[in-house]
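Take a look at the structure set out below.
The values are calculated or read from the model by the stated rules, or taken from the named source; none is laboratory data. Bear in mind the structure is a predicted one, so any value in this text is a computation, not a measurement. Cβ sites come from the backbone with ideal geometry, for glycine too, and all protein chains shown count toward neighbours.
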Amino acid sequence: MNFNEQNPSNTHLAVFAAEPVTFAGTIGLYTPARQAARKATAVLFVSPWGFEEMCTRKFFRILAEGFAEAGVANLRFDYAGTGDALDVTDHSRGMAVWLETAEQAASQLKSLSRCDSIILVSQGLGSAVALELAQRLGGVDGVALMAPAISGRLYLRELSVWSKMIDDGMGVPESQRETQGVSIAGLRMPEEIAAEVRKLNLMNLAKVEAANCLVLTRPNRSADEDFAAHIRELQPATREVVYRGYDELVFNPTIATMPAETGDALVEWVESISKPIAGASKLPQRPAPVPLATAEFREMPLRFGKANELYGILCEPTAPRRGATAIILTTAYDRTAGWGRTSVKMARELARDGIPSLRFDNANVADSPPTPGAPEQVLYFKGQNDEITAALDLLESCKLLPAVLVGRCSGGYLAFQASLSDKRSRGLVAANPYVLHWDGSLTVDASLRHVPRSLETYGLKLLQLETLRRLLRGDIDGPRAIKNFTTSVIRRAIRHSRPLLDFLPFRSPERNAILELFQSLKARKVDVSLIYTARDTGLEQFNDHFGKEGSHLKRYSNVRLSIIPEADHNLTQAHAQTFYLQEVRSVSLKVGTRQTAPKEERGRAVISRKYANSPTS
């Protein structure tokens, strides 16, 4: 199987999403084998943790489709308390909490696929789980260890550096960084699990309970090569492959490149050790998921769209419903759980207030396969509006209209566009939209890699000694930084001259498009809540058209602007998430009850200082 066949510009191997299944308080995604090629072996994915898991989510989905095409059924799942799984209040048993979820997943996979032969495909911290799981299960046919976390202490140190790099990339000041415990990208590792991770040393393994092993070593990592040699001593049937494309995969899910060569090697290895079906065999089962339920909400994972090509989760309150249903859109290529699980938290908090929600992955994002014929880069692609239509169709069939569209960054842009095109969307909440109008002549990849920041952010950076050190070391692209700074200065100059420019008989196409967008939403009486963090680059562009802090918004009585101080673009900080949730709740209840807010509270900017003195600010 050629991994490059996954290019959605060609005919894709899968036009439908994986089949969801629920068990042990979590959600699994089962991809059945192509019947004509079906093997007697199935693959269980054992994921990494945290930011690495989010980066590899799409890669694992593509791998799952490749395995299925080769005749190997497979299952992906979330550990207890992670991703879309239910929360766990007691982590006192450490990694055993995750290991038990993996055991239950293996049992589910065997039941669904009717295969007794299992291969474990793991990455990062998941490799330690997979090796322990192999001992518990016994008779495992293979274990793939992709960029394994060999030393727990080294892994946690690297995680700390990784976390700082992410925060720096988002412009998070040192005072806003989460420095307590083990955390990265808004995800916090439970202390009990972190304590156990610190003790890990896979070089001390005495045996490997697997008939075959595959070790994917990262380029120029001698520790990975030493570990591969150690595994080969324990199990001679071990193959070592260089994990080409690892750094490009885990750097940032928004601009990640799928490691095609590595994917081909994995599919080839799995196919080579998979057992053929001998004689008559039982037919595989189809998953029959039941909702994950608590006293306050029930969540049903589902597929929808014309060909079940989209994957999402419908979260409904157990109490009587009130308000409009929130459609929580994905940001860039983040999985449906959201950055730092923000979408999961929001959905469940809304349900506690009686508000239902639907969160889902757009096509070619995380767990939803690409649309055949669509471009590889789907961000700001008009075809995504059709997916919002499919989501609204689903809610209509469930009698859960009207709806409010909720999104951050590219999701916020999509909320604007879809609210304009579908009247079933009665409100929208957009947080830090990078742009409000996308010029098709722009290159998305270049725009995402080289985003100009606000002048205030540049000012803070220039005052930091570390910035000067990085510049001297060559860690910062000097010419690009100068270009971005110049762009911000020009923007600020244009904004100050905007009142004079508006008297001229012409406007830029971008400005015309944005004003027409706002006018159309006003005519349709769509409730709009715009949220920006104080130094976000999107706010710079918004101010270009509507004045500082929305001073020219008075003509749009349906729009409310809020600015959150001391928070990053991704709303990682607790006070920013709380404010975001409050706005979604407010708009949902307002739309659902058809109430209108007092005129004096609408059409003006509101600078939120409520949480400015909180411990996180």
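From the list A319, A326, A351, the lone residue that is part of a loop (DSSP other than H, G, I, E, B), touching a residue at least 12 places away in the same chain (Cβ under 8 Å) and assigned by TED's automatic domain parsing to the domain that holds L571 is A319. Return yes when T336 is farther than 29 Å from N74 by Cα and touching a residue at least 24 places away in the same chain (Cβ under 8 Å) and no when it is not. Taking the combined requirement at face value, the residue does not satisfy it.
Taking the criterion of being over 28 Å from the mean Cα position of the chain (by Cα), in contact (Cβ under 8 Å) with a residue 40 or more places away in the chain and part of a helix (DSSP H, G or I), the residues of region 545-591 that qualify are H545, K548, E549, G550, L553, K554, R555, K590. Residues in region 451-459: is at least one out of contact with any Cys (no Cβ under 8 Å at 6 or more places or on another chain), modelled with pLDDT under 50 and among the hydrophobic types (A, V, I, L, M, F, W, C)? Yes, because at least one residue in region 451-459 is out of contact with any Cys (no Cβ under 8 Å at 6 or more places or on another chain), modelled with pLDDT under 50 and among the hydrophobic types (A, V, I, L, M, F, W, C). For beta carbons closer than 7 Å, sequence separation of 6+ or different chains, a first residue in region 1-30 that is farther than 23 Å from V378 by Cβ and a second that is basic (K, R) and modelled with pLDDT of 95 or more, the qualifying pairs are G28/R76. Filtered by the rule that a residue be modelled with pLDDT under 95 and among the charged types (D, E, K, R), region 381-432 gives K382, D422, K423.
Scanning region 14-44 for residues that are within 15 Å of S107 (Cβ to Cβ) and either touching a Cys at 6+ places or on another chain (Cβ under 8 Å) or not aliphatic (A, V, I, L, M) (or both) yields T22, F23, G25, T26, G28, Y30, A42. Looking only at residues of region 233-248 that are assigned to a helix (DSSP H, G or I) and in contact with a Lys or Arg (Cβ under 9 Å, 6 or more places away or on another chain), we find that the one that is surrounded by the most Cβ atoms within 10 Å (Cβ to Cβ) is Y246.
Could you name every one of the strands (runs of 3 or more DSSP E) located completely within region 124-222 that has at least 2 residues being assigned by TED's automatic domain parsing to the domain that holds T254 and over 23 Å from R76 (Cα atoms)? Break it down stepwise before answering.
Numbers: elements: 142-146, 182-184, 187-189, 213-217.
Those strands (runs of 3 or more DSSP E) span 182-184.
Among the strands (runs of 3 or more DSSP E) confined to region 1-104, the ones with at least 2 residues that are at pLDDT 95 or above, in contact with a strand residue (DSSP E or B) (Cβ under 6 Å, 6 or more places away or on another chain) and farther than 22 Å from L292 by Cα are located at 41-46.
Out of S397, S368, report the one residue that is over 23 Å from H437 (Cα atoms), without any contact (Cβ under 8 Å) to a residue 40 or more places away in the chain and not basic (K, R). Don't jump to the end; show me each part of the working.
On the way: S368 fails: without any contact (Cβ under 8 Å) to a residue 40 or more places away in the chain.
After ruling out the rest, the residue left standing is S397.
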